[in-house]
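Just below is one structure, and these are the notes that go with it.
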Amino acid sequence: MCGIVGAVAERNITTILIEGLKRLEYRGYDSAGLAVYTQQGQLERRRRIGKVSELETAVTAEPLVGNLGIAHTRWATHGAPTEHNAHPHFSGQDLAVVHNGIIENHESLREDLKGLGYAFTSQTDTEVIVHLINHILKTVPDLGDALKAAVKQLHGAYGLAVISAAQPDRLLAARSGSPLVIGLGHGENFLASDQLALRQVTDRFMYLEEGDIAEILRDQVTIWDQDGQLAQREAVQYHEGAEAADKGTYRHFMLKEIHEQPAVVQRTLEGRLTNDHVMVQAFGPQAAELFAKVRNVQIVACGTSYHAGMVARYWLESLAGIPCQVEVASEFRYRKVVVQPDTLFVSISQSGETADTLAALRNAKELGFLGSLAICNVGISSLVRESDLTLLTLAGPEIGVASTKAFTTQLVSLMLLTLALGRVRGTLEAGVEAELVEELRRLPSRLGEALAMDSTIEKTAELFADKHHTLFLGRGAQFPVAMEGALKLKEISYIHAEAYPAGELKHGPLALVDSDMPVVTVAPNNELLEKLKSNLQEVRARGGELVVFADEHAGLTNGEGTHVIKVPHIIDALAPILYTIPLQLLSYYVAVLKGTDVDQPRNLAKSVTVE
Ligand code: G6P
């Protein structure tokens, strides 16, 4: 997960590049660099290991002044975080490239280019891009045309920017699987992997689409689509704070964050999938080597993140055949743990600063785990810094104390982990990964369909407004989804909510069921549906009122005391992600009816940095 900034202007662009990199640093980086076309008519570069401030110090000591430049903060995937591996990468003295993503065929391209006499100075996959463009420029002298020809040879994911000392008025960019945005100024234009980097210089943006190539001049932007046709991309005015500090048109941050889920899930998937598989390198440079040795997984987390881990256990065992244990961090850290050989320690956390989760990771390092992976939403967090591998969930800042988009992006990340581990270990059934990759690509639009249930759920919420207790039921991977639904309801509406695996109902909680205790159930159309239907009968027979979120093909219908809300059909493996949405909406609307403080519920905190 790297960051890109580029600029072409009349003024000196060095400070703009550095400021842009600083704004991207929240995602967590290990080295940074920039290349500027200077007043001396040449490309000059500075690169440093560590934070952007190290690069800034270097540029202050030896200033670079110019009107065209590109910059990068790196999150190492190929090659360690060293200065040689830091971007921009050069081919000769005249051509520089920065790149986000992973070029999967870099090894064969590297061999070909070496054969043609190009000398490599880094272990990165990126360096093949710059030499490849340089080579094509020998027969195709226009930089834009050379870039178009070069990307045809690249397999994998990229968002990249190129500048050439021979054509110093142009900044070229290409996007496939890794986002890029153009910032539109007056007599100056900019490029970045995230608009956040450019808010200091503009509030007008143009988002590149998959396969786009862009030529950015000081006073003109030209875009070609994936078929090489000239394309128009809408210029969008950005309102300060729209992403984080502002609720926009929403009444609460929680509702805004619930509705952001299709977009952030899309972002979590960007650059991490090929046509038919998950890129293992997305977890870090040593992931492939480490994953190959994994025979067990231990997941540790708190709160909502723990529920994500519980879902992942079903996935890891049923899809990838890898034994998995899940435990809340505050138990794990104080328990004498017996570690199975070759166990990967996986921590899950939105903030990356939760005290118990961090302490559990630190303990784990003493216990002989194979290695550690953090699934986390904050790149500069302690959890990320202290783990061997990381997958950022990329949900963006979450303001509502009750976690919503952080949870669904954690689930998506854990599905990526399941598929990556399963493939590396050779334990996935044939065709499973390709099918799930295809379904994952459709997931954002499926989540959008689930959000369209909003007004139906708002009405259903009225059933709960005068209740003091509720029961949530689910089976299989939907049991943790029921737990998360119950947690949401208790967090923000203060209604007592318990979740049970539906099969446990008759072993105790059935004694509580009466007309004052609504029972919420998630019912996808899977092999457990018939068993679940029997559990629902058990509730109805005791006068309990049922609210059932059921697959549209599940054959469940409204009846006396039974409210069925149809959920669009989805492949069973991804059902936990989809069914989370109606439960989030239900708790939200119940809380609104009760008039509680939805975004800052009593007694709770967003980030629990105390034990
Ligand atoms: C607090 C928050 C929860 C969150 C939990 C774990 O309790 O209110 O929403 O799930 O901490 O936080 P983490 O940042 O580690 O995911």
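The values are calculated or read from the model by the stated rules, or taken from the named source; none is laboratory data. All figures in this text were calculated on a predicted structure; none of them were measured in a lab. All Cβ positions, glycine included, derive from the backbone under ideal geometry; neighbour counts span all protein chains shown.
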Completion exercise
Scanning region 470-483 residue by residue, the ones that are part of a strand (DSSP E or B) and not small (G, A, S) total 4
Handout entry: Selection status of L389, touching a strand residue (DSSP E or B) at 6+ places or on another chain (Cβ under 7 Å), modelled with pLDDT of 95 or more and closer than 24 Å to K405 by Cα
Key = yes
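May I ask you to list the residues in region 440-478 that are free of Cβ contacts under 8 Å to residues at least 24 places away in the same chain and among the polar types (S, T, N, Q)? Break it down into steps so the answer makes sense when it comes.
Taking region 440-478 first, the residues free of Cβ contacts under 8 Å to residues at least 24 places away in the same chain are 442, 452, 455, 459, 466.
The answer is S455, and nothing else.
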Problem - Some residue of region 342-354 being of a type outside the set (S, T, N, Q), within 16 Å of the ligand (Cβ to nearest atom), surrounded by fewer than 24 Cβ atoms within 10 Å (Cβ to Cβ) and farther than 14 Å from A312 by Cβ - result: yes
Exercise for the section: Check whether at least one residue in region 296-310 is away from the ligand (no atom under 13 Å from the Cβ), over 23 Å from the mean Cα position of the chain (by Cα) and not acidic (D, E), and report yes or no. Expected result: yes
Handout entry: Sole exception among (1) among the β-branched types (V, I, T); (2) farther than 30 Å from F369 by Cα; (3) outside any helix (DSSP H, G or I) for I299, by number
Key = (2)
Practice task
Select, from A573, A482, the only residue that is crowded, with 22+ Cβ neighbours inside 10 Å and in contact with a Phe, Trp or Tyr (Cβ under 9 Å, 6 or more places away or on another chain).
Solution key: A482
Problem - Number of positions in region 150-204 that are within 27 Å of Y238 (Cα to Cα), assigned to a loop (DSSP other than H, G, I, E, B) and either within 22 Å of the chain's Cα centre (by Cα) or in contact (Cβ under 8 Å) with a residue 60 or more places away in the chain (or both) - result: 13
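Could you tell me whether region 419-435 includes any residue that is within 26 Å of K488 (Cβ to Cβ) and touching a helix residue (DSSP H, G or I) at 6+ places or on another chain (Cβ under 6 Å)?
Residues of region 419-435 that are within 26 Å of K488 (Cβ to Cβ), as a first pass: none.
No, because not a single residue in region 419-435 is within 26 Å of K488 (Cβ to Cβ) and touching a helix residue (DSSP H, G or I) at 6+ places or on another chain (Cβ under 6 Å).
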Problem - Residue identified as in contact (Cβ under 8 Å) with a residue 40 or more places away in the chain and closer than 30 Å to G352 by Cα among G50, G20 - result: G20
Fill in the blank from the handout: Residues of region 311-341 being β-branched (V, I, T) and away from the ligand (no atom under 16 Å from the Cβ), in sequence order, are I322, V337, V338, V339
Problem - Among residues of region 490-506, those that are farther than 20 Å from A301 by Cβ and in contact (Cβ under 8 Å) with a residue 40 or more places away in the chain, counted - result: 4
Completion exercise
Scanning region 507-526 residue by residue, the ones that are within 39 Å of the chain's Cα centre (by Cα) and either of a type in the set (S, T, N, Q) or closer than 20 Å to I565 by Cα (or both) total 10
Problem - Residues within region 523-544 that are surrounded by 18 or more Cβ atoms within 10 Å (Cβ to Cβ), of a type in the set (A, V, I, L, M, F, W, C) and over 16 Å from A575 (Cβ atoms), tallied - result: 2
